[in-house]
Amino acid sequence: VNRILDNAGLVIKSPGIPDKAPLIQALKAKNVEIIDEIEFASRYTKAKIIAITGSNGKTTTTRLVYHMLETAGLDAGLAGNVGFSLAKQVAEGDRAYYALELSSFQLDACYSIRPYIGVLTNITPDHLDR
């Protein structure tokens, strides 16, 4: 842990690690930039990103958007909570478009991503506590 605290300038955090975790709090106290894998990968792609979020229907909507892009003959990738890692896809050969399913936890650590299109499927009361 000390090695991370002493040397890290950027940390790519899994959305499953809570912001209240001691290591995350210590990194924040040292002003270390903490981002999500989606944020990281978005810095290295020129693709048009279609980002889909909401309480329900994210996966279905994201898969539908990806299917429409592919059916239209466009060079598209599927990533986020569905498909493969966005960072892996960008590193192995960038695409023209990405359909991304994004949870609220992923979005918490995204700061500069600018989707070409953003979709909010819905928000239910069980997600209002975030």
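The values are calculated or read from the model by the stated rules, or taken from the named source; none is laboratory data. Remember, predicted model here, so these are calculated numbers, not experimental data. Every residue, glycine as well, gets a Cβ built from its backbone with ideal geometry; the counts of neighbours run over all protein chains shown. These accessible areas exclude ligands, DNA and RNA; they are computed on the full protein's heavy atoms, side chains included. Shrake-Rupley method; radii C 1.70, N 1.55, O 1.52, S 1.80 Å.
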### Summary
Restricting attention to segment 7-16, the residues that are at pLDDT 90 or above and over 12 Å from I35 (Cα atoms) number exactly 2
### Query
What number of residues within segment 41-75 are of a type in the set (D, E, K, R) and within 27 Å of V11 (Cα to Cα)?
4
### Residues that are in contact with a strand residue (DSSP E or B) (Cβ under 9 Å, 6 or more places away or on another chain) and of a type outside the set (A, V, I, L, M), drawn from segment 1-30
G9, K13, D19, K28
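Where residues in segment 1-13 are touching a residue at least 12 places away in the same chain (Cβ under 8 Å) and out of contact with any Phe, Trp or Tyr (no Cβ under 9 Å at 6 or more places or on another chain), which of them is nearest to S103 (Cα to Cα)?
Restricting attention to segment 1-13, the residues satisfying the condition of being touching a residue at least 12 places away in the same chain (Cβ under 8 Å) are 1, 4-5, 8-13.
Now restrict to residues that are out of contact with any Phe, Trp or Tyr (no Cβ under 9 Å at 6 or more places or on another chain): 1, 4-5, 8-9, 11, 13.
Values: V1: 27, I4: 26, L5: 27, A8: 26, G9: 25, V11: 19, K13: 14 Å.
It comes out as K13.
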### Enumeration of residues in segment 44-64 that are in contact with a helix residue (DSSP H, G or I) (Cβ under 9 Å, 6 or more places away or on another chain) and either open to solvent by less than 10 Å² (accessible area, probe 1.4 Å) or closer than 28 Å to A96 by Cβ (or both)
Y44, T45, A47, I49, I50, A51, I52, T53, G54
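Quickly run through segment 87-105 and pick out the residues that are of a type outside the set (F, W, Y) and in contact with a Gly (Cβ under 7 Å, 6 or more places away or on another chain). Break it down stepwise before answering.
Filtering segment 87-105 for residues of a type outside the set (F, W, Y) gives 87-96, 99-104.
Q89, R95, L100, E101, L102, listed by residue number.
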### Task
Consider only pairs whose beta carbons are under 6 Å apart and that are at least six residues apart or on different chains; among these, list those whose first residue lies in segment 47-69 and is under 13 Å from G83 (Cα atoms) and whose second residue is surrounded by 15 or more Cβ atoms within 10 Å (Cβ to Cβ) and of a type in the set (D, E).
K58/E101; T59/E101; T62/E101
### Whichever residue in segment 76-130 is more than 16 Å from S14 (Cα to Cα) and among the aromatic types (F, W, Y) and, among such residues, is least open to solvent (accessible area, probe 1.4 Å)
Y98
### Query
Pairs under 6 Å by beta carbon, first residue among the charged types (D, E, K, R) in segment 99-127, partner open to solvent by 60 Å² or more (accessible area, probe 1.4 Å) and not in a helix (DSSP H, G or I), six or more apart or different chains?
E101/N81
### Task
Give the residue that is nearest to A41 (Cα to Cα), with candidates limited to residues of segment 6-24 that are surrounded by 11 or more Cβ atoms within 10 Å (Cβ to Cβ) and small (G, A, S).
A8
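Can you tell me which residue in segment 71-130 is modelled with the lowest pLDDT, limited to those that are hydroxyl-bearing (S, T, Y) and closer than 19 Å to R43 by Cβ? Break it down into steps so the answer makes sense when it comes.
Filtering segment 71-130 down to residues hydroxyl-bearing (S, T, Y) leaves 71, 85, 97-98, 103-104, 111-112, 116, 121, 124.
Filter once more, keeping what is closer than 19 Å to R43 by Cβ: 85, 97-98, 111-112, 116.
Values: S85: 94, Y97: 98, Y98: 98, Y111: 89, S112: 92, Y116: 97.
The qualifying residue modelled with the lowest pLDDT is Y111.
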## Note on the structure
Going through segment 25-43 in order, the residues found to be surrounded by fewer than 17 Cβ atoms within 10 Å (Cβ to Cβ) and over 14 Å from A87 (Cβ atoms) are Q25, A26, K28, A29, K30, N31, V32, E33
